[in-house]
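Working notes for the structure below.
The values are calculated or read from the model by the stated rules, or taken from the named source; none is laboratory data. The structure displayed is predicted, hence computed values, not measured ones. Cβ atoms come from the backbone with ideal geometry, glycine included; neighbour counts cover every protein chain shown. Surface areas here come from the heavy atoms of the whole protein model, side chains and all, with no ligands, DNA or RNA. Shrake-Rupley method; radii C 1.70, N 1.55, O 1.52, S 1.80 Å.
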Amino acid sequence: MNALLSTRSLRKSYGDLDAVRGVDLDVEAGEIVGLLGANGAGKTTFMRCALGILAPSGGTSLLFGRPPSRLGRARIGYVPQGRGLYPDLTPRENAQFSAAAYGIRTGATASASERALSVDSYPRRLVRELPLGLQRRLAFDIALAHGPLLLVLDEPTSGVGPLESAELWEVIGRQAAAGIGVLVTTHTMNEAVQCDRLAVMVDGLIAAEGTEADIIAGATVVTVEAADWQAAFDRLVQAGLLVSLAGRGVRVLGAAPEQVLTALDGLPAAIGTAPVTLDERMALLAQ
Amino acid sequence: MFGVRNVSVHFGEVPALDDVSFDVAPGTVSTVVGGDGAGKTTLLRVLAGRVVPERGTVSAPIGRDLGMLPASAGSWANLTVRQNLEFVASVFGLSRSQAVARSSELIELAGLQTAHDRLGSALSGGMRRKLGVIMALVGHPQLVLLDEPSTGVDPVSRVELWRLISRAAAEGAAVLTTTTYLDEAERATRFLALEAGRTLLSGDPAEAVRSAPGTFWVATHRGPGQAWRVGRSWHCWAATAPPGAEVIAADLHDVVVAAALRAKQDAA
């Protein structure tokens, strides 16, 4: 067993509320694992228990092969969704502050100062004045400065455009290729496709695990193409079905083609099926 | 048909929108996609009449024919869900009974029945965004502008949010949303990809993919040239693929990233 992080039957209850109900999850070196789930599914509580920030109610977690400790957590690079930067300091000051917090002596760490070079490439302005994409990149560089073995990223590319997102994922991928384990919590398809393995949490449990294809598991939506799509949409809504628009077509989630035909009540339309998106799959799992 | 034609806006020296044109048709959902600073919010504010462009023309309704969800907030934290809706209704001049009826209808549409008495401050992120969207719909507007309705919203709520937005279009409204997620642009009727205030690509998403110039291929290692990571492999673009390359059918993500890389190269 050489997983960087390994939980077994991890549980956390708050009184009557079982937030995490027995989760097994491993993150190996060089692997990017995506943790998906709706708000309230237990992702954050699970992560806090797994890393030992919160005492679990049951089960075990091993971080670098040992029960989580401060020493172990010092080998984690963490980027919260809010980026965790000080907006009133410059990039360099943020980097120095973080280095001091992790006990990196600036003179004695060649590898850290090598990485500080990239910090020097940032504008000499306050962090609050930098564009969001640059702030995300900075938070990431700082999280790497102390040479972590495991990166924990919370929606690392939230709010940035397609190109900046692609550039950030290139940096994340390079870390994984160098043997660092990466655990990403995410909401979005764009991030999920970058992961080697996905785990979907629903109600405190892992409801599905594997590649995107494993999670979608052949589930389909019914597609409806009608000249009068508005009428089609209206009839499907009236029938209480979960409908949404895609272009000028309509997608119906969680219903059989026969149900859709009945709801359309003779309206001319072409009915077909298509694979569900990851979002749609998660909505189905949550039902 | 609503929209903007050859619109330019500067904030000081910084171009926020540079010669941007985009149409928003009734009965459709159109989407502006781009990152922070791309000009998405400025475009919405131009359509809402809150920013006057230096150049170009704007076609948009005013008053209660225009509904807008701003990027942040969009509801009052110390009012309940119902009070938020009824307040907007009274501003739009609905009578008391109309306001009550319209609010109830929208609460049901958004699936917020169990939360109707909850304060704005006590709502989850997804619920608050849904409330913001239905507040924009109160006056049955012809043009609905939604600034990042799904940002920070979890996948399950996002599916419900899409149903809500689709419903407004099905009832005939011209809906314009902004997003940072390309998969949302992919399901819009028309999209506009902005980068630093300039149009990267626009039109029907499927058509943009079909008509993309050059060739896309997949590689196991990052070679020289234009490439971006997709899982464990790399997607690459060039005018012509190298011999033996494993050519792929691009998706909208590939097409937009390739266009952004070309634009960046042209600028350098």
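Measuring heavy-atom accessible area with a 1.4 angstrom probe and counting protein chains only, the residues of segment A:132-178 that give up at least 50 Å² relative to the chain alone are A:GLY159, A:PRO162, A:LEU163, A:GLU170.
Could you quote the convex hull projected area for segment A:1-70, Cα atoms only and averaged over all directions, in nm²? Present the calculation step by step, with values, prior to reporting the outcome.
Values: hull surface 19.0 nm².
The directionally averaged projection comes out at 4.8 nm².
For segment A:181-191, 3J(HN,Hα) computed residue by residue from phi via the Karplus equation (6.51, -1.76, 1.60; θ = phi - 60°) reads x, 10, 10, 10, 9, 8, 10, 10, 3, 4, 7 Hz, glycine and proline entered as x. Averaging the Cα positions of each part gives two centres, and for segment A:153-167 and segment A:120-139 these lie 14 Å apart. With angles folded into 0 to 90 degrees, how steeply does helix A:110-120 sit against the dominant principal axis of chain A? Use alpha carbons for both and round to 10. The angle comes out near 60 degrees.
So, for segment A:178-287, what is the accessible surface per residue at a probe of 1.4 Å, expressed in square angstrom? Kindly include the intermediate steps, with their values, before the conclusion.
Values: 4310 Å² over 110 residues.
Accessible surface, normalised per residue, equals 39 Å².
Add +1 for every Lys or Arg and -1 for every Asp or Glu among the other residues with Cβ under 14 Å from the Cβ of A:ARG235, and state the total.
Details: positive: B:ARG167; negative: A:ASP228, A:ASP234, A:ASP265, B:GLU171.
It works out to a net charge of -3.
Only lysines eight or more places from A:LYS12 in sequence, or on another chain, were considered; those with a Cα closer than 25 Å are A:LYS43. Computed over chain A, the per-residue total of -39500 (n - 2.57) for DSSP H runs of n ≥ 4 gives a 222 nm mean residue ellipticity of -9500 deg cm²/dmol, rounded to 500. Each other residue within a Cβ distance under 9 Å of B:LEU69 adds +1 if Lys or Arg and -1 if Asp or Glu, for a net charge of -1.
The residue among B:VAL175, B:PRO213, B:ALA267 whose Cα reaches farthest toward the positive pole of the charge dipole of chain B, with charges on the beta-carbon of Lys, Arg, Asp and Glu, is B:VAL175.
Where does the Debye-calculated log10 I(q)/I(0) of segment A:200-282 sit at q = 0.15, 0.18 Å⁻¹, using only Cα point scatterers of equal weight, no solvent? Rounded to two decimals, the profile gives -0.56, -0.73. Measuring how big chain A is from its alpha-carbon positions, Rg and Dmax come out at 22.5, 77 Å. In whole percent, and with a 1.4 Å probe on the protein chains, what portion of the accessible area of segment B:167-268 is carbon and sulfur? The computed percentage sits at 54.
Give the interface area between chains A and B as buried accessible surface, both sides summed, probe 1.4 Å, in Å² to the nearest 100. Working shown, then result.
On the way: alone 14430 and 13040 Å², together 23810 Å².
Counting both chains, the buried surface is close to 3700 Å².
Per residue, how much space in cubic angstrom lies within the convex hull of the C-alpha atoms of the protein assembly as shown?
Values: hull volume 95.2 nm³, N = 555.
Taking only Cα atoms, the protein assembly as shown has a hull volume of 172 Å³ per residue.
For chain B, the calculated P(r) over all alpha carbon pairs, in 5 Å bins from 0 to the bin holding the longest distance, is 1, 6, 12, 15, 16, 14, 12, 9, 6, 4, 2, 1, 0, 0, 0 percent. Around the amide H of A:GLY249, modelled in the peptide plane, lies no amide H under 5 Å away from a residue 5 or more places distant or on another chain. The spacing between segment A:249-285 and segment B:167-185, judged by their C-alpha centroids, is 19 Å. Computed on chain B, with alpha-carbon pairs under 8 angstrom and 6+ residues apart, the relative contact order is 23 percent.
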